[in-house]
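The values are calculated or read from the model by the stated rules, or taken from the named source; none is laboratory data. Not measured: the values here are computed from a predicted model. Here Cβ is always computed from backbone atoms with ideal geometry, including for glycine, and neighbour counts include all displayed protein chains.
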Amino acid sequence: MNILILLLSLVVATGLYAGEISQQLKIMIKGTKSSTGVINVGLYNTEADFSDREKIYQGQRIAANGAESLVIFTNLPAGEYAVAVYHDENANGKLDKNFVGIPKEAYGFSNDAHGVFGPPSFKDAKLVVEAGSSLETVINLK
């Protein structure tokens, strides 16, 4: 009987621990036209926050290094995410736009989603990170 209780305890403890395994998201960013400036990556975990670009769940800012860059988000809870990226060539901390509002710097979204007259919806850019997994994706800058 004691052995059965011990085995059951181990199974329960292992199951609880497995639920705490951290997930990661690897993003390969392609299409950077130069190695000047920085690449800004915003990770969003809700549709409402994705609509308000100031509400980034997590972000990374890395030096531009040419055609490709790799960004890895670790210790993520399982769930739905969307990613927005732009190449801030002049490193002024914002996505520069022309007088009509069209971006002058390269940008992209997860799933290479694009919107009509603005950014795509969270639904179109959504990535699903499953428990105990590592998800890899590519974003091609436009």
- Task: Tell me, please, whether a residue that is small (Gly, Ala, Ser), outside any strand (DSSP E or B) and free of Cβ contacts under 8 Å to residues at least 60 places away in the same chain can be found in the range 97-109.
- Result: yes
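For (1) in contact with a Lys or Arg (Cβ under 7 Å, 6 or more places away or on another chain); (2) surrounded by 13 or more Cβ atoms within 10 Å (Cβ to Cβ); (3) on the phi < 0 side of the Ramachandran plot, each residue gets a yes or a no:
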{"position": "Glu54", "(1), (2), (3)": "no, no, yes"}
{"position": "Tyr57", "(1), (2), (3)": "no, yes, yes"}
{"position": "Ala63", "(1), (2), (3)": "no, no, yes"}
{"position": "Gly66", "(1), (2), (3)": "no, no, no"}
{"position": "Ser69", "(1), (2), (3)": "no, yes, yes"}
{"position": "Val83", "(1), (2), (3)": "no, yes, yes"}
{"position": "Tyr86", "(1), (2), (3)": "no, yes, yes"}
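Considering only residues that are farther than 15 Å from Ala48 by Cα and at pLDDT below 95, look in the range 115-129 and name the one that is surrounded by the most Cβ atoms within 10 Å (Cβ to Cβ). Let's see the steps before the verdict.
Keep residues of the range 115-129 that are farther than 15 Å from Ala48 by Cα, which gives 115-118, 127-129.
Cutting the leftovers down to at pLDDT below 95 gives us 115-118.
Details: Gly115: 11, Val116: 6, Phe117: 6, Gly118: 8.
Result: Gly115.
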- Could you tell me whether Glu136 is under 16 Å from Ile29 (Cα atoms), modelled with pLDDT of 95 or more and in a loop (DSSP other than H, G, I, E, B)? no
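Residue by residue, here is whether (1) modelled with pLDDT of 95 or more; (2) of a type outside the set (Gly, Ala, Ser); (3) part of a helix (DSSP H, G or I); (4) under 18 Å from Asn140 (Cα atoms) holds:
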site	(1), (2), (3), (4)
Ser9	no, no, yes, no
Val12	no, yes, yes, no
Gly15	no, no, yes, no
Lys26	yes, yes, no, yes
Lys33	no, yes, no, yes
Asn40	yes, yes, no, yes
Leu43	yes, yes, no, yes
- Among the residues of the range 110-133, which ones are assigned to a loop (DSSP other than H, G, I, E, B) and either within 24 Å of Gly66 (Cα to Cα) or among the β-branched types (Val, Ile, Thr) (or both)? Ala113, His114, Val116
- Task: Would you point out the residue of the range 88-114, among those that are among the aliphatic types (A, V, I, L, M) and more than 18 Å from Leu43 (Cα to Cα), that is surrounded by the most Cβ atoms within 10 Å (Cβ to Cβ)?
- Result: Ala91
- Which is in contact (Cβ under 8 Å) with a residue 24 or more places away in the chain and touching a helix residue (DSSP H, G or I) at 6+ places or on another chain (Cβ under 7 Å), of Leu141, Leu127, Leu135? Leu127
- Task: Scan Gly101, Gly79 and give me the residue that is on the phi > 0 side of the Ramachandran plot and at pLDDT 95 or above.
- Result: Gly79
